[in-house]
Amino acid sequence: MDKPSPYFTSLKCRECGRLYPKQAIHVCDFDFGPLEAAYDYDAIRPVLTRQAIESRPHTMWRYRELLPIDGEPTVGTQVGFTPLVKADRLAKALGIRELYVKNDTVNYPTLSFKDRVVSVALSRARELGFKVVACASTGNLANSVAANAASAGLKSYVLIPADLEQGKVLGSLVYGTNVVAIHGAYDQVNRLCSEIAGKYGWGFVNVNLRPYYAEGSKSMGYEICEQLGWRIPQHTVVPMASGSLLTKIHKAYGEFTRLGLVEGTPFSVYGAQAAGCAPIAHAMKRGTDIVKPVPKPETIVKSLAIGTPADGYYAIHAMKQTGGTAEDCTDDEVVEGIRQLAECEGIFAETAGGVTVACTRKLIEAGKIPRDGSAVLCITGHGLKTQEAIIGKCGEPRLIKPSLREFEEHVYAKDNAVA
Ligand SMILES: *Cc1c(COP(=O)(O)O)cnc(C)c1O
Ligand SMILES: [Zn+2]
């Protein structure tokens, strides 16, 4: 057993503030509010200085005092510190002064931001003594649980909707995990997982281990601030499934301000969803915090297709409180967004990345993100995992015989013809 962390003190109900021990629990007994990790910031302040952080390895664990484990991380110790790319060509295309892409398409080891949350959840699962870990997933989480459990020698089960992209299914199977595909939408998968978690002593990263899992997302926010030269970006656009990542980036900016690591400059967070499953964005547009479930999501953006988003309410309040808002986009706009990011910046994102780019374009066009501002786009997963979305939509290779004459006739001459 590790000595308890002096920094990560307890779990705390987001509704009533009651404190709970740091166990595998996720809801308050009194009001069913979600539990969240709580810290002793006065103890962290003198330890976690800019200098201390900069002296540590380039992984998400350089902010370890702000992550909810007791001992040293044991799973995913290489995760995070992905590039923050200054995206001048995309900025020009979208009509904004300054733009950055936080590129989690190259996160280690499974090419999505989910490696951040799984690294924390499985490190904590081991501290709590779990031998079997599991998750309900729209694809990327399953890939990350499968890979990280394999490398940690943990047995794993991943439960997914049966209609996921081939790259996501294969991207779990290859690690030798137990993949269970369910005829139904993500909400039904998630409900089944809650029942299994209650019956067997398994560590479900996004059910009974959710308070630990969710905190991993904060590292994306910390890295953005550090990579910008220790400042908070004016505008941050975040894709939303359950809404968790958005709330945690908001929390990360607040914590860095509180610790004096950045100045408390004003910032806004914006949420992006696909129109075929946009319960949070639609509630935001209606001007309410009551999120109406989407029973049958219909979109190519499967990674974000959560009809009953657990953190929707909190995401709406984070957007409102910071002067941000939400946007949604059609599947055609998603494809356009994927291509635009690839053609402008050489970054191949999955469908969720297309959503982020497309919604950002709409937010700028509507004047909600000012053209003279500076924005960061959270690009959360790699495009090779969702090839179905763009097959046949990016042109075809030109097929020729292996001869110079063929090349000149069919390629060079056509490309250099004088009109
Ligand atoms: C899971 C996921 C998200 C966001 O998930 P939240 O549940 O809102 O935290 C965003 N992008 C991708 C690619 C994802 O897999
Ligand atoms: Zn409570």
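Since every read-out is calculated from the coordinates, none of them should be taken as a lab result. Keep in mind it's a predicted model, so treat the numbers as computed, not measured. Because the Cβ atoms are built from the backbone with ideal geometry, glycine has one as well, and the counts that use them run over all protein chains shown.
Note on the stretch 123-133: residues that are surrounded by 22 or more Cβ atoms within 10 Å (Cβ to Cβ) and either within 17 Å of Ala310 (Cβ to Cβ) or out of contact with any strand residue (DSSP E or B) (no Cβ under 6 Å at 6 or more places or on another chain) (or both) amount to 2.
Pick from the stretch 135-156 the residues that are part of a helix (DSSP H, G or I) and among the aliphatic types (A, V, I, L, M): which of them is farthest from Ala305 (Cα to Cα)?
So in the stretch 135-156, the residues part of a helix (DSSP H, G or I) come out as 140-152.
Those left that are additionally among the aliphatic types (A, V, I, L, M): 141-142, 145-147, 149-150, 152.
Details: Leu141: 13, Ala142: 15, Val145: 19, Ala146: 21, Ala147: 22, Ala149: 25, Ala150: 26, Ala152: 29 Å.
Among them, the one singled out is Ala152.
When the stretch 19-75 is limited to residues that are acidic (Asp, Glu) and closer than 26 Å to Tyr108 by Cβ, the one that is surrounded by the most Cβ atoms within 10 Å (Cβ to Cβ) turns out to be Glu65.
May I ask you to verify whether Pro83 is away from ligand 1 (no atom under 16 Å from the Cβ) and closer than 30 Å to Gly367 by Cβ? Show your work before the answer.
Details: away from ligand 1 (no atom under 16 Å from the Cβ): yes; closer than 30 Å to Gly367 by Cβ: yes.
Here the answer is yes, as Pro83 does meet what is asked.
Considering only the stretch 14-33, how many residues are out of contact with any Asp or Glu (no Cβ under 7 Å at 6 or more places or on another chain) and away from ligand 1 (no atom under 16 Å from the Cβ)?
Start the filter on the stretch 14-33 by keeping residues that are out of contact with any Asp or Glu (no Cβ under 7 Å at 6 or more places or on another chain), which leaves 17-27, 29-30, 32.
Next cut, away from ligand 1 (no atom under 16 Å from the Cβ) only: 17-25, 27, 29-30, 32.
Looking only at that region, the number is 13.
When the residues of the stretch 143-157 are narrowed to those that are over 16 Å from Gly383 (Cα atoms) and under 18 Å from the mean Cα position of the chain (by Cα), which ends up surrounded by the fewest Cβ atoms within 10 Å (Cβ to Cβ)?
Restricting attention to the stretch 143-157, the residues satisfying the condition of being over 16 Å from Gly383 (Cα atoms) are 145-157.
From the residues that got through so far, the ones that are under 18 Å from the mean Cα position of the chain (by Cα) too are 145-148.
Working: Val145: 33, Ala146: 26, Ala147: 24, Asn148: 26.
Looking at the filtered set, the residue picked out is Ala147.
Looking at the stretch 255-303, which of its residues are of a type in the set (S, T, N, Q), outside any loop (DSSP other than H, G, I, E, B) and surrounded by fewer than 18 Cβ atoms within 10 Å (Cβ to Cβ)? Thr257 - this is the single residue of the stretch 255-303 that is of a type in the set (S, T, N, Q), outside any loop (DSSP other than H, G, I, E, B) and surrounded by fewer than 18 Cβ atoms within 10 Å (Cβ to Cβ).
Taking the criterion of being surrounded by fewer than 24 Cβ atoms within 10 Å (Cβ to Cβ) and closer than 20 Å to Lys248 by Cβ, no residue of the stretch 342-379 qualifies.
Could you name every one of the helices (runs of 4 or more DSSP H) located completely within the stretch 304-419 that has at least 2 residues being within 18 Å of Gly271 (Cβ to Cβ) and of a type outside the set (Asp, Glu)? Please lay out each step first, then the result.
Values: elements: 312-321, 331-345, 351-365, 404-407.
Because the criterion is at least 2 residues that are within 18 Å of Gly271 (Cβ to Cβ) and of a type outside the set (Asp, Glu), the helices (runs of 4 or more DSSP H) in the stretch 304-419 that meet it are 312-321, 331-345, 351-365.
For the stretch 58-65, check the following and say yes or no: at least one residue is within 20 Å of Gly216 (Cβ to Cβ) and among the hydrophobic types (A, V, I, L, M, F, W, C). Looking through the stretch 58-65, at least one residue is within 20 Å of Gly216 (Cβ to Cβ) and among the hydrophobic types (A, V, I, L, M, F, W, C). In this structure, Tyr39 qualifies as more than 16 Å from ligand 1 (Cβ to nearest atom) and under 13 Å from Leu67 (Cα atoms).
Which of the residues spanning the stretch 211-231 are in a loop (DSSP other than H, G, I, E, B), over 26 Å from Lys12 (Cα atoms) and touching a helix residue (DSSP H, G or I) at 6+ places or on another chain (Cβ under 9 Å)? Before you say what the answer is, go through the steps one by one.
Residues of the stretch 211-231 in a loop (DSSP other than H, G, I, E, B): 216-217, 228-231.
Filter once more, keeping what is over 26 Å from Lys12 (Cα atoms): 228-231.
Within the stretch 211-231, Trp230, Arg231 meet the criteria.
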